[in-house]
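Chemist: Please find one structure pasted underneath; my questions will follow.
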Amino acid sequence: MSKIRRYFASGLLITIPVFVTLYLIYTVARFIDNIWGKFVNIYFVKHFGFSVPGVGLVLGIITVFAIGFVATNFIGKRIFKSVEGWFLKFPLIKQIYPAMRQIVDSFMSKESPAFKKVVLVEYPSKGIWSVGFLTSDGCRELNEKTGRRLLHVFLANSPTPVTGFLILVPIENVKILDMAVEDGIKLIVSGGIVKPL
C-alpha cells in the first residue's frame, strides 16, 4: 500500500507542473487566437465552410514580428514616434500608456532589469522577515522629505510574483542577499517549497 502511495505521489510531482504549464500556454494561445482568429475564421466559414484553429495565434506572432521589424529601422522609429505622440493626446490613455511602457521596458531590459537584487526586510512587523526585490535605489524627493535614504522594495505575492506591493525601506533596514533573482522568484512562486541552492 505504501508503494502505491509513493508511486502516486511521484506521479503527481511530475504531472501537475507539466499540466499547469501546458494549461497556461494553452490559455494564452487561445486568448491570442480569439483576438485575431475570430475575424479570419468568419471569412473562412462564410466562403469555404470551415474554420482554421490556431490561425489567429500565427497571425498574432507575425504581426508582433512585423511591428518589431518596422519599429527598429530609421523610418519606422520616426513613424512610431509620430503615432505614439498622437496616441498620447487622448485622455486616460496618456495616464496609462507611459506607465505600461516603462514597466514593459524595465522587464525587457537586460542593462537595467526591473528586479535588481533579492532582499530581506522586516515586514509586516519587527521580527517577521519578508523576501522582496530591490527595484530602485530611491527617489530624491522622498529621501529629502523623510531625511533618510529609502530603497524601493517590491514585495511579491505567492504564487504570482507579478502582483504585490511597493514598500519604501530605509537602507540600513534592508539586507541584500546573494541569491539570484530567478531563485527569489522560484522561492516566492513555490511558497517557500523550492529552496535556493
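Values quoted throughout were computed directly from the atomic coordinates according to the rules given, and no laboratory measurement underlies them. Since the model is a prediction, treat every value here as computed from it, not as a measurement. Virtual Cβ from ideal backbone geometry, glycine too; neighbours counted across all protein chains shown.
Chemist: Quote to one decimal, in nm, the extra length available between Val40 and Ile128 on full extension: 0.36 nm per residue of separation minus the C-alpha distance between them.
Modeler: 26.2 nm
Chemist: While we're looking at this one, here's another question. Charges on Cβ only, +1 for Lys and Arg, -1 for Asp and Glu, centred on the Cα centroid of the chain; of Val189, Val131, Val55, which one is farthest towards the dipole's positive end?
Modeler: Working it through, the farthest residue towards the positive pole turns out to be Val55.
Chemist: Rounded to the nearest 0.05, what FRET efficiency do Ala29 and Leu120 give with R0 = 35 Å and r taken as the Cβ-Cβ distance? Could you check?
Modeler: 0.40
Chemist: While we're looking at this one, here's another question. Assuming 0.36 nm per residue, please report the length gained on full extension of the stretch Val64 to Arg148 beyond their Cα-Cα distance.
Modeler: 25.8 nm
Chemist: I need two numbers for the stretch 2-87: Rg to one decimal and Dmax as a whole number, Cα atoms only, in Å.
Modeler: 21.3, 68
Chemist: What is the magnitude of the charge dipole of the stretch 2-87 about its Cα centre, with +1 placed on the Cβ of each Lys and Arg, -1 on the Cβ of each Asp and Glu, and no other charges, expressed in debye to the nearest 20?
Modeler: 280
Chemist: If you don't mind, there's one more thing I want to ask. Using θ = phi - 60° and the Karplus curve 6.51 cos²θ - 1.76 cosθ + 1.60, what whole-Hz ³J(HN,Hα) does each residue of the stretch 24-39 get, with Gly and Pro shown as x?
Modeler: With coefficients 6.51, -1.76 and 1.60, one gets 5, 4, 4, 5, 5, 4, 5, 4, 5, 4, 5, 5, 8, x, 4, 6 Hz.
Chemist: Ok, one more. Can you give the convex hull volume per residue for the Cα atoms of the stretch 117-189, as a whole number of Å³?
Modeler: Residue-normalised Cα hull volume stands at 88 Å³.
Chemist: How large is ³J(HN,Hα), in whole Hz, for each residue of the stretch 168-179 in order, when computed from phi with the Karplus curve 6.51 cos²θ - 1.76 cosθ + 1.60 and θ = phi - 60°, using x for Gly and Pro?
Modeler: Rounded to whole hertz, the list is 9, 10, x, 3, 6, 9, 10, 9, 7, 9, 7, 4.
Chemist: If you don't mind, another one. Please list, ordered by chain and number, the residues whose modelled amide H lies under 5 Å from the amide H of Leu177; skip anything fewer than 5 residues away on the same chain.
Modeler: When sequence neighbours closer than 5 places are left aside, the close amide H contacts are Val118, Val119, Leu120.
Chemist: Sequence-distant or interchain residues sharing an amide H contact under 5 Å with Gly164, placed H: which?
Modeler: Amide H neighbours of Gly164, under 5 Å, 5+ apart: Asn157.
Chemist: 5 Å is the cut-off here: which amide hydrogens, built 1.01 Å from N in the peptide plane, fall below it relative to Leu151, excluding neighbours closer than 5 in sequence?
Modeler: For Leu151, the qualifying residues are Val169, Ile171.
Chemist: Another question, if that's okay. Jot down the radius of gyration and Dmax of the chain, Cα atoms only, both in angstrom.
Modeler: Considering the chain through its Cα atoms, Rg and Dmax are 23.2, 71 Å.
Chemist: Stretched out fully, how many nm does the piece from Glu172 to Ile79 gain, at 0.36 nm a residue minus the Cα gap?
Modeler: Extending this stretch completely gives an extra 28.8 nm.
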